[in-house]
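First up is the structure itself, then whatever we jot down about it.
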Amino acid sequence: MRNSNVQKIAISQLQVGMYIQDLDCGWMAHPFFRSRFMVKDEAQIQTLKEHGLAELYIDTARGLSVPDAPSKAAVVCQLQQEIKALVAATPPPVASSDLQSELPRAKKLLDEANKVVRQLMSDCRLGAQLELTPLQEVMDKLAGSILRNPTALTVLSGIKTKDDYTFFHSVSVGVLLLAFEHSRGATAEALMQVGIGGMIHDIGKMRIPPQILNKPGKLTLDEFAVMRTHVAHSGEILAGCAGISAVAMDIAMQHHERFDGTGYPFRLAGEAISPAGQAAAIIDVYDAITSDRCYHRGMPAPQALQKIFEWSNHHLHPEMVRAFVKCVGIYPVGTLVSLESGRLAVVQEHNEGDLTRPKVRAFYSCRNLCYIPPVLVNLSRPLGFGGGDRIVKSENPSKWGVDPIRFLQF
Ligand SMILES: [Fe+2]
Ligand SMILES: [Fe+2]
């Protein structure tokens, strides 16, 4: 199927006889329908409206079309241009420690944080009172790493296994929130609170039956209703937790609210959602769609950013999404990319003034399907001056069976 056969339409334009290609609500994990289907009756359209869908994609080769609706190819091209314009002049983050020296320190701290969060979750599953002191202690150290070099922890927190999703996702959301709030000038104390909020944002999931929480596939409508109760469970758990801040509470209670009022549990809209809640909503979605699960492969970061940018039309805070895209950059360090020369490379460092042409380390031949001696390529330089190559697209490491992070450290 070609993107030129696919149109983007508003939900108000949807009619019986159209073939839905993508409900465009990956953040909702849409348990209600198959993702692709022919619209058979008005009741289906009504149900989609009730679930807060704003826009969607239809396949015009398999059903009716809408005159003048933009093609998916045109939409993607426009989004890419807007993102490029947004990040082109963004300076790379200021760092007092270089990536190579911060990575090993960040790795140790992340291992420590993993232990603390794992213990916290297991205590919670057993019904014990939450004890925040160990989390506060490790968060202080994590904030220190973010202040020295925000890239190191962010890169490492992106490495996850398909198992134990709730745990890895919680740690990763905490780290991304730290990095994002740091980029927006938060104080050390504020960093501490958002980091804690991120790490415990899904703590209520410890009260969800494991067969639903860890189901290897799409949830049924009833199961999804149970899953949504995790927010209320988090509220109960955290209400009895000494020393929990209002910011951390907002993150736990509001990360499923949506800017257009279509989220849950309170259907809050616009500025009624706290800034921490808005930031958490963006990062929760970003981490979810970039993660590999047993039933789907995660999107590479650049594609995920494009989706987040698209959803800022309705579901996510537009200005905050722009700030997040600037913070993460178009090709985050650690991203796997394929180059015009037929090599795979990992994004190593950003070039000041042009985040679209970073320094990368090429390490794999796509033509010969084998590793090659790693070589640094500066994509902002011409051939003969250490450059002369171009990014074709971002790639999913699991598709190629490679670990790009290995080639970041030398
Ligand atoms: Fe959640
Ligand atoms: Fe979450």
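The values are calculated or read from the model by the stated rules, or taken from the named source; none is laboratory data. Just so you know, these numbers come straight off a predicted model, no measurement behind them. Cβ sites come from the backbone with ideal geometry, for glycine too, and all protein chains shown count toward neighbours. These accessible areas exclude ligands, DNA and RNA; they are computed on the full protein's heavy atoms, side chains included. Shrake-Rupley method; radii C 1.70, N 1.55, O 1.52, S 1.80 Å.
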Could you please let me know if Val321 is surrounded by 20 or more Cβ atoms within 10 Å (Cβ to Cβ), away from ligand 2 (no atom under 16 Å from the Cβ), under 18 Å from Phe180 (Cβ atoms) and free of Cβ contacts under 8 Å to residues at least 40 places away in the same chain? yes
Reported set for segment 220-248 where residues are open to solvent by 40 Å² or more (accessible area, probe 1.4 Å), within 15 Å of ligand 2 (Cβ to nearest atom), farther than 16 Å from Ala128 by Cα and not polar (S, T, N, Q) is Arg228, Ala232
Just checking, does segment 196-211 include any residue being under 16 Å from Ile283 (Cα atoms), within 16 Å of ligand 1 (Cβ to nearest atom) and free of Cβ contacts under 8 Å to residues at least 60 places away in the same chain? yes
I'd like the residue in segment 70-113 that is within 30 Å of Thr60 (Cα to Cα) and of a type in the set (Lys, Arg) and, out of all such residues, is most open to solvent (accessible area, probe 1.4 Å). Lys84
Those residues of segment 182-213 which are within 14 Å of ligand 2 (Cβ to nearest atom), surrounded by fewer than 21 Cβ atoms within 10 Å (Cβ to Cβ) and assigned to a helix (DSSP H, G or I) amount to Leu213
Any residue in segment 373-394 that is outside the structural domain of Lys215 (by TED's automatic domain parsing), within 30 Å of Asp163 (Cα to Cα) and within 16 Å of the chain's Cα centre (by Cα)? yes
Quick test for you: out of Gly235, Gly174, Gly243, pick the one residue that is assigned by TED's automatic domain parsing to the domain that holds Arg125 and within 22 Å of the chain's Cα centre (by Cα). Gly174
Pairs under 7 Å by beta carbon, first residue assigned to a loop (DSSP other than H, G, I, E, B) in segment 238-262, partner among the charged types (D, E, K, R) and away from ligand 1 (no atom under 13 Å from the Cβ), six or more apart or different chains? Gly261/Arg267
Would you check which residues across segment 112-132 are closer than 16 Å to Ala239 by Cα and either polar (S, T, N, Q) or in contact with a His (Cβ under 8 Å, 6 or more places away or on another chain) (or both) and list them? Gln129
Inside segment 73-157, counting only helices (runs of 4 or more DSSP H) that do not spill past its ends, which hold 3 or more residues that are over 29 Å from Asp292 (Cβ atoms)? 133-148
Does Ile146 meet the test of being over 25 Å from Phe324 (Cβ atoms) and in the same structural domain as Ala281 (by TED's automatic domain parsing)? no
Would you point out which residue out of Ser157, Ser172 is at pLDDT 90 or above, within 16 Å of ligand 2 (Cβ to nearest atom), farther than 21 Å from Gly235 by Cβ and surrounded by 22 or more Cβ atoms within 10 Å (Cβ to Cβ)? Ser172
Return a yes/no flag: does segment 273-289 have any residue that is away from ligand 1 (no atom under 16 Å from the Cβ), in a helix (DSSP H, G or I) and open to solvent by 20 Å² or more (accessible area, probe 1.4 Å). yes
